[in-house]
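This report refers to the structure that appears directly beneath it.
The values are calculated or read from the model by the stated rules, or taken from the named source; none is laboratory data. Small disclaimer: the values here were computed from a predicted structure and weren't measured. No Cβ is skipped: glycine too gets one built from the backbone with ideal geometry, and neighbour counts run over all protein chains shown. Ligands, DNA and RNA are stripped out before the accessible areas are found, and what is left, the full protein with its side chains, is counted by its heavy atoms. Shrake-Rupley method; radii C 1.70, N 1.55, O 1.52, S 1.80 Å.
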Amino acid sequence: QVFLAALSFSYFCKALSGTIMKSSITQIERRFDLTSSTVGLIDGSFEMGNLLVIAFVSYFGAKLHRPKVIAVGCFIMALGCILTAMPHFFMGYYNYETASRAKSSVNLTSDINPCLLHQDANKTLLEVSQSGCEKETSSYMWIYILLGNMLRGIGETPITPLGISYLDDFAKEEDAPVYIASLHTIAMFGPMFGFLLGSLCAKLYVDVGFVDLESITITPQDSRWVGAWWLGFIIAGTTSLLAAIPFCFLPKSLKKPEEAKNDKTSSDLLGAMRKTHTSVKPNSKKCQLMYPFLSDFCTSLKKVLSNPMYFTLLCSSLLQFSSFIGFLTYKPKYMEQQYGQSVSKSNFIIGLTSLPPVGIGIFLGGLIMKKYKMSIVGAAKFALSMSFLAFLFTLLHLFVGCENHVVAGLTVSYDGKPIQHRENALFSDCNSDCKCAANVWDPVCGDNGITYVSACLAGCTASVGHGKNMLFHNCSCLEASGSQWGNNSVTLGQCPKSDACSRNFIYYTVIQVISGFCYALGGTPAYMLMFRCVQPELKSLAVGLYTLIMRMLAGIPAPVYFGALIDRTCLKWGSRSCGQRGACRIYDSNAYRYAYLGLSAVLRAPSYLLGILLLILIKKHYQAKKSKSTENG
């Protein structure tokens with residue numbers, strides 16, 4: 001029971017640190033001025049670390065002191081989390097791009113003229129830019145995040161295989177399923193707390209406690225805002241460190257009732273090797289270990305992969321998993337860009353509304369399967385129908401999106417008419433006297449409901465106030481657009497999305513809850529198919545191969561190609577101090593919606609054709625088996 005409690009806490013910790021990474025992806029992208037595809041590579045590095053050691057851990061870990069191997073894994077996981085947070089402490093303060101900051105650089109008075117600012121301050125801004133270029137090496141600090149995430153993947157590897165095998169070996173046979181069920185139930189709290197903690201950290205400014213927050217001109221809704229992303233990793237690292245301590249004091253083996261000792265051994269981890277272990281005598285084991293193992297392994301692998309039911313299930317699951325991983329990785333970012341939500345609110349809503357229905361769905365799916373004593377054909381039908389129903393609900397997301405932000409020079413002309421995106425459209429007759437910088441993103445919202453890329457590009461000539469409350473007046477571009485309000489002033493930040501968009505966000509959340517529940521409901525029967533469509537002695541190998549394929553062909557590449565496609569929908573890229581391209585500041589909402597949801601749908605749709613094929617193969621196999629049993633009496 002002590003081991004179960006310790007293992008449950010370690011499961012919670014690994015789920016917590018994993019969701020902290022998912023919830024911090026957007027902020028890491030902005031802090032290090034990365035593209036979405038590069039951030040996808042960082043996210044996939046966890047799977048790379050996991051794959052590096054999974055074979056060694058599964059084989060050699062079972063022969064060593066398992067609790068201590070798990071303790072080492074937790075220590076490595078904690079080290080990975082701390083390493084991920086370290087770049088924050090060596091990079092200096094976060095300098096977001098803004099024209100307003102130049103005010104202090106050029107010693108202007110409190111009332112500044114955005115037009116003159118760009119002309120008079122050029123020399124000083126150039127000096128600042130050059131000094132920034134000397135420190136530009138700090139932008140490569142993201143490599144430490146990649147290495148930290150990879151280290152976290154290495155540390156997490158022994159927890160599941162060695163923990164489950166230890167439970168299975170030393171628990172009473174009738175108690176083991178209850179222990180494993182409670183383990184996974186407690187683990188479900190990890191993602192929920194992870195997203196809620198990510199939400200809290202995203203509310204706090206990245207340099208909280210080190211800078212005067214009154215001087216910050218951006219809000220959590222701004223696309224330049226970076227929250228205290230590092231804080232979540234420090235907390236996750238500390239909890240992982242605490243999770244390691246109990247395992248250091250647990251014994252290598254426990255006492256177990258005699259009758260069960262002969263039935264189960266820790267070699268359940270290596271199902272493919274079971275025959276070799278039982279057939280080799282102790283005195284000849286050393287010389288006969290390698291070749292029989294390889295021969296037996298290759299034969300078993302061939303049997304598993306030549307099983308048409310298993311292979312079809314593998315291909316179908318690969319498509320589903322690729323879609324799921326890509327969708328989940330960029331979900332907070334989609335909610336932010338599509339519906340104008342802050343990163344903090346996006347994480348909070350995912351933690352509170354998306355994960356509980358999934359947990360309930362998984363539990364009910366297992367309960368339904370047990371109550372109705374589903375056969376393999378029944379389980380396949382139920383899993384396929386629930387997954388397809390969830391897919392149909394997911395397609396509704398395409399119809400509850402929001403229109404593009406109304407940004408002068410990007411989505412509309414300066415007189416408010418829709419345009420196709422062109423770089424030179426940022427300049428107009430109304431701001432031609434200002435000679436504004438085209439690469440600055442410091443948005444302001446006009447009284448006419450149009451967002452301008454900067455106060456300079458809005459043609460403003462005066463300002464009052466300080467920090468977030470700064471107000472710009474006498475903006476010639478508002479006058480040119482025929483503003484009805486008369487004072488032609490703009491405030492800092494983008495204009496908010498419409499009320500219709502807020503309503504669509506509620507529909508999006510409801511659809512997400514229903515589709516997540518339906519998908520999870522068929523999850524347990526789908527997972528059970530893998531055990532039932534292979535021979536009993538090949539179950540361990542089938543599960544191991546399934547995990548390997550999912551991680552290698554879905555977990556690593558999916559975030560990268562999803563990110564690359566999202567990058568193509570960018571309307572305005574930020575700029576680094578050296579003038580190089582930074583993170584994307586605003587996306588084409590329609591293109592983003594169709595690319596992100598469309599790719600997810602295109603990956604999932606063929607999986608249902610394979611699902612139908614799997615159902616046919618299962619029916620044929622079990623009809624043939626039934627008729628053979630009848631013939632044999």
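Computed values, structure above
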{"item": "Residues of the range 149-200 satisfying the condition of being open to solvent by 30 Å² or more (accessible area, probe 1.4 Å), among the polar types (S, T, N, Q) and in contact with a Ser or Thr (Cβ under 8 Å, 6 or more places away or on another chain)", "result": "Ser182"}
{"item": "Residues that are of a type in the set (S, T, N, Q), surrounded by fewer than 21 Cβ atoms within 10 Å (Cβ to Cβ) and part of a helix (DSSP H, G or I), drawn from the range 323-363", "result": "Thr353, Ser354"}
{"item": "Only one of Cys501, Cys533 that is touching a Gly at 6+ places or on another chain (Cβ under 7 Å) and of a type outside the set (S, T, N, Q)", "result": "Cys501"}
{"item": "Matching residues, the range 212-238, being more than 29 Å from Met335 (Cα to Cα) and either part of a helix (DSSP H, G or I) or modelled with pLDDT of 95 or more (or both)", "result": "Thr238"}
{"item": "Qualifying residue in the range 577-589 (condition: part of a helix (DSSP H, G or I) and buried (at least 20 other Cβ atoms within 10 Å of the Cβ))", "result": "yes"}
{"item": "Residue match in the range 552-571 (condition: at pLDDT below 85, out of contact with any helix residue (DSSP H, G or I) (no Cβ under 7 Å at 6 or more places or on another chain) and open to solvent by 20 Å² or more (accessible area, probe 1.4 Å))", "result": "no"}
{"item": "Criterion violated by Ala383 - all others in (1) under 30 Å from Ala520 (Cβ atoms); (2) touching a helix residue (DSSP H, G or I) at 6+ places or on another chain (Cβ under 7 Å); (3) surrounded by fewer than 19 Cβ atoms within 10 Å (Cβ to Cβ) satisfied", "result": "(3)"}
{"item": "Search result, residues across the range 436-467 that are more than 15 Å from Pro114 (Cβ to Cβ), under 34 Å from the mean Cα position of the chain (by Cα) and not polar (S, T, N, Q)", "result": "Gly449, Ile450, Gly467"}
{"item": "Sole residue being touching a Lys or Arg at 6+ places or on another chain (Cβ under 7 Å) and within 30 Å of Tyr339 (Cα to Cα), chosen from Leu478, Leu492, Leu538", "result": "Leu492"}
{"item": "Any hit, the range 427-442, residues being of a type in the set (A, V, I, L, M, F, W, C), open to solvent by less than 10 Å² (accessible area, probe 1.4 Å), in contact (Cβ under 8 Å) with a residue 40 or more places away in the chain and in a loop (DSSP other than H, G, I, E, B)", "result": "yes"}
{"item": "Of the criteria (1) over 30 Å from Leu597 (Cβ atoms); (2) not in a helix (DSSP H, G or I), which one Gly378 fails", "result": "(2)"}
{"item": "Residue, surrounded by the fewest Cβ atoms within 10 Å (Cβ to Cβ), within the range 460-480, restricted to residues that are among the polar types (S, T, N, Q) and in contact (Cβ under 8 Å) with a residue 24 or more places away in the chain", "result": "Thr461"}
